[in-house]
Amino acid sequence: MKMRAFEYHRPETLAEALAVLAEFGGDAKVIAGGQSLVPMMAMRLSTPDHLVDISRISGLDEIKLADGRLTIGAMVRHAAAFSNDLVATTAPLVHAALPHIGHRAIRNRGTVCGSLAHADPAAELPAVARALDAEFVVANAHGIRLIPAHEFFLGYLTADVGDGEMVTEVRFPIAAANAVVSVQEVSRRHGDFALAGCVAQLSIAPNGTIETAALALFGVDATPYRSAAAEAELVGNMSTSEVFANAATKMTADLNPAADNHGSTAYRRHLAGVLVRRALADAASKFSLTIGALA
Amino acid sequence: MTAQMLSLSLTVNGLEHVLNVESRRTLAEVLREDLQLTGTHLGCEHGVCGACTVIIDGAAARSCLVLGAQCDGSHVETVESLAADGELHPIQRAMIDHHGFQCAFCSPGFLMSIKALADDDPDMSKEQIREELSGNLCRCTGYASILAGAEAAFDVISKRNKLNSIEETKNA
């Protein structure tokens, strides 16, 4: 289908972009990479009157360390984030999740913040942001709001970004030096959104005790799903398959994924448990490799 | 909302164009309708099939998912850039040799995806090639012949690069 006509704006500065957003409010949409928005417009699921292209605003494509956090700007594309050494070393879970997003041609255009603001419940990056307690910087013409990940994702394709606002950056805490990560998912076809998936980051002491654990499921609820009980099951315990299985049981105990023609509720809940175990075992296996390398 | 017209400067296959296009035109539409470069095919028009893949500023992209307006000032390569002086590009030759074209609707997308990948890493493993090309759909060949053609193309390009670097070393 041909997308509905709109007026295209290409501001050169953030202030200009925020002024346009303030003027047109809910009738305006921000376009960064456009890899989620353009298909929605092509199917007329999204019909903005004004499109604000933020790709020419300088500074938005920066990746930097600031205040002990890794900051990724609104125009950082998936491919640029993936090949960035800072991301790989300070946010290994982000690095591990990126290759799972679409295909290379999509990652060459799509942006990290765009994926997050799109808030697809089956997408990887929102789960990563939720697991890592990322923080979002959302700006409007009057100032900024800092929003923690657990408040950012409101529902299906809905993030806490109001009319006249845009995400300008996302901040990830820097991972511990001994952090090990894993991203596990099952999808019908390669590159498709997942039926269910799990992201995990663990830090494990040399004696095998789990020091910290952060887990989130995606594709099983309207927003990324995290369980304090499952993480408590891990922390302080030894990194063993039995402990991982207990954590998976806790993680899926209250889970009630919606059924669709790709899978029933029971299947998706079962799958989520399997993926939790796989993600934990895979992350822990990398810890053993690290120890092996040190020995 | 009436249609908004935009002035757009675009370099396509080395030729610079200044165009006046509707803001809602995708890059694929600009190429096909405004520049009559109909080698770029539109399949699904929402980013699933990969038929419309072109190279924008050195990186593969789906031209149905990019607005022409977003490409103002960019360099775009399309399938029309491959053959030169009546000679097929080695990727095209390898695909023909391995029967990688059947109805050929998907071929421009495959060719440009392979071109971008081989420019980036001509020594990619067979498994990687297979994985990378999973974003391009074909509804007739069953993929085996396309993958065989792609592997042969990577082989030719890798060998050519090695020969060129030997030549350069000799001449240095």
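What follows is calculated from the coordinates using simple rules that are stated; it is not laboratory data. Remember, it's a predicted structure, so these values are computed and weren't measured experimentally. When we count neighbours, we look across all protein chains shown, and the Cβ atoms used for this are built from the backbone with ideal geometry, even at glycine.
What are the ³J(HN,Hα) values, in whole Hz, obtained from phi via the Karplus relation 6.51 cos²θ - 1.76 cosθ + 1.60 with θ = phi - 60°, for each residue of the range A:8-16 in sequence order, with x given for Gly and Pro?
Values, residue by residue: 9, 10, 10, x, 9, 10, 5, 4, 5 Hz.
Might you report the magnitude of the Cβ-based charge dipole of the range B:1-122 about its Cα centre, with Lys and Arg at +1 and Asp and Glu at -1, to the nearest 20 debye?
On the way: 6 positive and 16 negative charges, 70 e Å.
Charge dipole of the range B:1-122: 340 debye, to the nearest 20.
Taking the Cα centre of chain A as the origin, how large is its charge dipole in debye, to the nearest 20, when only Lys and Arg (+1) and Asp and Glu (-1) carry charge on their Cβ atoms?
900 debye
Using a Förster distance of 60 Å, how high is the FRET efficiency between A:Thr158 and B:Ala172, based on the Cβ-Cβ distance and rounded to 0.05? Write out the running numbers ahead of the final one.
Working: r = 60 Å, r/R0 = 0.99.
Step by step, r from the Cβ atoms, then E = 0.50.
Starting from 0.36 nm per residue, how many nanometres of slack lie between A:Asp254 and A:Arg56 once their C-alpha separation is accounted for? Walk me through the numbers before you get to the answer.
Working: separation 198, 0.36 × 198 = 71.28 nm, distance 4.51 nm.
Extra length available between A:Asp254 and A:Arg56 comes to 66.8 nm.
Run the quick spin-label model on B:Thr38 and B:Arg139: label points 7 Å from Cα toward the beta carbon, then report their separation in nm to one decimal.
1.9 nm
Quick one: Karplus J couplings for the range A:211-220, per residue in order, coefficients 6.51, -1.76, 1.60, θ = phi - 60°, nearest Hz, x for Gly and Pro?
Listing the rounded values in order: 8, 9, 9, 9, 9, 8, 9, 10, x, 10 Hz.
Would you mind checking the pairs A:Lys2/A:Lys29; A:Lys64/B:Lys162; B:Lys126/B:Lys162 and listing those with alpha carbons more than 28 angstrom apart? Could you put the intermediate results ahead of the total?
Values: A:Lys2/A:Lys29 18 Å; A:Lys64/B:Lys162 37 Å; B:Lys126/B:Lys162 19 Å.
Beyond 28 Å between Cα atoms: A:Lys64/B:Lys162.
Which shape class applies to the range B:35-172: rounded if a/c is under 1.5, otherwise prolate when a/b exceeds b/c and oblate if not, where a ≥ b ≥ c are the square roots of the Cα gyration tensor eigenvalues?
In terms of gyration-tensor shape, oblate.
Other chains near B:39-51: what is the mean number of their Cβ atoms within 10 Å of each residue's Cβ?
Shielding by partners across B:39-51 averages 3.
Just to confirm my numbers, what's the Cα centroid distance between the range A:87-109 and the range A:1-53 in Å?
So the separation of the two Cα centres works out to 25 Å.
How shielded is A:188-195 by partner chains, expressed as the average number of their Cβ atoms within 10 Å of its Cβ atoms?
Details: counts 0, 3, 4, 5, 1, 0, 0, 0.
Across the residues of A:188-195, the mean count of other-chain Cβ atoms within 10 Å is 2.
With each label point set 7 Å from Cα along the Cα-Cβ vector, what nm distance links A:Asp133 and A:Ala205?
For the pair A:Asp133/A:Ala205, the computed spacing is 2.0 nm.
Counting only GluC sites (Glu not before Pro) that sit in a DSSP loop (anything but H, G, I, E, B) with at most 14 other Cβ atoms within 10 Å, what is the longest stretch of chain A containing none of them?
A:63-295
Given a Förster radius of 41 Å and the C-beta distance between B:Asp119 and A:Lys2 as r, what FRET efficiency does 1/(1 + (r/R0)^6) yield to the nearest 0.05?
0.80
Please give the charge dipole size of the range A:15-64, origin at the Cα centre, charges +1 on K and R Cβ atoms and -1 on D and E Cβ atoms. Round to the nearest 20 debye.
The dipole magnitude comes to about 180 debye.
Output wanted: per-residue J couplings in Hz (rounded whole) for the range A:225-238, from phi through Karplus 6.51 cos²θ - 1.76 cosθ + 1.60, θ = phi - 60°, x for Gly and Pro.
So the Karplus estimates, Gly and Pro as x, are 10, 10, 9, 4, 5, 5, 5, 5, 5, 8, 5, x, 9, 6 Hz.
Please give the FRET efficiency for A:Ala19 paired with B:Ala59, using the beta carbon to beta carbon distance and R0 = 22 Å, rounded to the nearest 0.05. Kindly include the intermediate steps, with their values, before the conclusion.
On the way: r = 31 Å, r/R0 = 1.41.
Given R0 = 22 Å and the Cβ-Cβ separation, E is 0.10.
Inside 10 Å of the C-beta atoms of B:57-69, what's the mean count of C-beta atoms belonging to other chains?
Working: counts 1, 1, 7, 8, 9, 9, 1, 3, 13, 6, 10, 1, 6.
Per-residue shielding by partner chains comes out at 6.
Where does helix B:144-171 land angle-wise versus the long Cα axis of chain B, in degrees 0 to 90, nearest 10?
Its long axis makes an angle of about 70 degrees.
Average projected area of the Cα convex hull of the range A:131-187, in nm²?
Values: hull surface 22.0 nm².
That works out to 5.5 nm², a quarter of the Cα hull's surface.
Once you order the gyration tensor axes a ≥ b ≥ c over the Cα atoms, which shape class does the range B:12-89 get: rounded for a/c under 1.5, otherwise prolate or oblate by comparing a/b with b/c? It would help to have the intermediate numbers written out before the result.
Details: a/c = 1.67, a/b = 1.22, b/c = 1.37.
Oblate, since a/c reaches 1.5 and b/c is not below a/b.
Does the range A:77-141 classify as rounded, prolate or oblate by the C-alpha gyration tensor (a ≥ b ≥ c root eigenvalues; a/c under 1.5 gives rounded; else a/b over b/c gives prolate, otherwise oblate)?
Since a/c stays below 1.5, the shape of the range A:77-141 is classed as rounded.
Find the Cα radius of gyration of chain A, compare it with 2.2 N^0.38 Å by division, and give the number to two decimals.
Scaled against compact globular proteins, the figure is 1.02.
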